[in-house]
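The values are calculated or read from the model by the stated rules, or taken from the named source; none is laboratory data. What you see is a predicted model; the values in this text were computed from it and never measured. All Cβ positions, even for glycine, are placed from backbone atoms using ideal geometry, and neighbour counts span all protein chains on display.
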Amino acid sequence: MNTNHLLLQTAALFLGGCSVAFGQLRWETRQLDLHPGLEEKKVVARFAFTNAGNDTVGIDAVETSCGCMTAGLEKRLYRSGEKGEITATFMVGQRTGLQQKTITVHTDEHAQPVTTLLLRVFLPEVLKIEPVLVSWETGEALSPKTIMVRVTHESPVHILEATSESPTFVSQLKMVQPGKEYRIMITPSDTRESAFTMIRIKTDLPERAERHFCVYARIESH
């Protein structure tokens with residue numbers, strides 16, 4: 001047997017011994033992919049584990065990567081062979097598309113004191129808006145600029161109105177295809193000075209599934 005092969009065997013035996021000698025949490029999975037429906041306001045993920053080692057393992061802290069998510073567990077200490085789970089609750093809010101969040105678990109294990117769990121939430125996209133911002137330079141002609149809004153959800157979503165928060169900009173909603181495609185025409189009433197506005201888009205989504213959609217317009221100096 002050559003020296004390299006002998007070293008590999010020795011390392012394998014040593015590492016194997018370590019996994020037995022120290023308490024170790026074995027996770028069913030360290031990554032969860034969830035696909036909530038449009039009407040769900042929160043998502044709950046459960047990361048199950050077993051203490052596969054010989055010693056009691058203490059979980060010192062559980063941290064999340066975002067204030068939009070909380071994580072907790074039933075207790076701190078887990079004896080050999082005992083099962084448990086980390087429960088993570090993600091608040092959807094106005095988010096759409098893929099959301100990737102992590103949960104960091106700190107334990108008193110010597111072999112692996114920190115474990116990172118990954119939660120991927122695939123939130124349904126409702127509208128595709130291009131562009132999100134239109135702008136004019138000061139002194140530019142008072143010509144309208146267009147924002148296209150396309151419904152990407154499988155069910156029709158009707159846009160009811162698009163309202164500017166500033167009287168400096170006039171927004172006009174035009175329907176291209178009912179429930180599927182709309183055009184927002186924005187025209188400044190004066191471009192002599194810098195200005196900015198948010199245009200709120202109101203849809204007919206039910207209240208429990210409502211999202212806030214906005215576009216922006218500005219006048220900026222040269």
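Per-structure values
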| item | result |
| --- | --- |
| Any chance residue 81 is more than 30 Å from residue 200 (Cα to Cα) and assigned to a loop (DSSP other than H, G, I, E, B) | yes |
| Residue in the stretch 105-118 that is surrounded by 15 or more Cβ atoms within 10 Å (Cβ to Cβ), in contact with a strand residue (DSSP E or B) (Cβ under 8 Å, 6 or more places away or on another chain) and more than 26 Å from residue 49 (Cα to Cα) present | no |
| Residue within the stretch 85-100 that is touching a residue at least 12 places away in the same chain (Cβ under 8 Å), more than 25 Å from residue 204 (Cα to Cα) and among the basic types (Lys, Arg) present | no |
| Counted residues, the stretch 126-158 - those being in a loop (DSSP other than H, G, I, E, B) and within 21 Å of residue 209 (Cβ to Cβ) | 8 |
| Of all residues in the stretch 158-172 being in contact with an Asp or Glu (Cβ under 7 Å, 6 or more places away or on another chain) and over 16 Å from residue 133 (Cα atoms), the one that is surrounded by the most Cβ atoms within 10 Å (Cβ to Cβ) | 158 |
| Only one of 197, 191, 203 that is surrounded by 12 or more Cβ atoms within 10 Å (Cβ to Cβ) and over 30 Å from residue 41 (Cα atoms) | 191 |
| Scope the stretch 76-104; condition loosely packed, with under 15 Cβ neighbours inside 10 Å and either among the hydrophobic types (A, V, I, L, M, F, W, C) or in contact with a Pro (Cβ under 6 Å, 6 or more places away or on another chain) (or both); matching residues | 77, 91, 98 |
| Some residue of the stretch 79-96 being in contact with a helix residue (DSSP H, G or I) (Cβ under 8 Å, 6 or more places away or on another chain) and closer than 30 Å to residue 173 by Cβ | no |
| Given (1) among the small types (Gly, Ala, Ser); (2) surrounded by fewer than 16 Cβ atoms within 10 Å (Cβ to Cβ); (3) at pLDDT below 95, index of the condition residue 209 fails | (2) |
| Residue count, the stretch 32-59 (criterion: of a type outside the set (Gly, Ala, Ser), in contact with a Pro (Cβ under 9 Å, 6 or more places away or on another chain) and loosely packed, with under 12 Cβ neighbours inside 10 Å) | 1 |
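Residues checked against (1) under 13 Å from the mean Cα position of the chain (by Cα); (2) assigned to a strand (DSSP E or B):
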| residue | (1), (2) |
| --- | --- |
| 38 | no, no |
| 63 | no, yes |
| 66 | yes, no |
| 103 | no, yes |
| 110 | no, no |
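For every residue, the table says whether it meets (1) under 14 Å from residue 137 (Cα atoms); (2) assigned by TED's automatic domain parsing to the domain that holds residue 40; (3) part of a loop (DSSP other than H, G, I, E, B); (4) in contact with a Pro (Cβ under 7 Å, 6 or more places away or on another chain).
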{"position": "160", "(1), (2), (3), (4)": "no, no, no, no"}
{"position": "163", "(1), (2), (3), (4)": "no, no, no, no"}
{"position": "166", "(1), (2), (3), (4)": "no, no, yes, no"}
{"position": "171", "(1), (2), (3), (4)": "no, no, no, no"}
{"position": "176", "(1), (2), (3), (4)": "no, no, no, no"}
{"position": "179", "(1), (2), (3), (4)": "no, no, yes, yes"}
{"position": "187", "(1), (2), (3), (4)": "yes, no, no, yes"}
{"position": "196", "(1), (2), (3), (4)": "yes, no, no, no"}
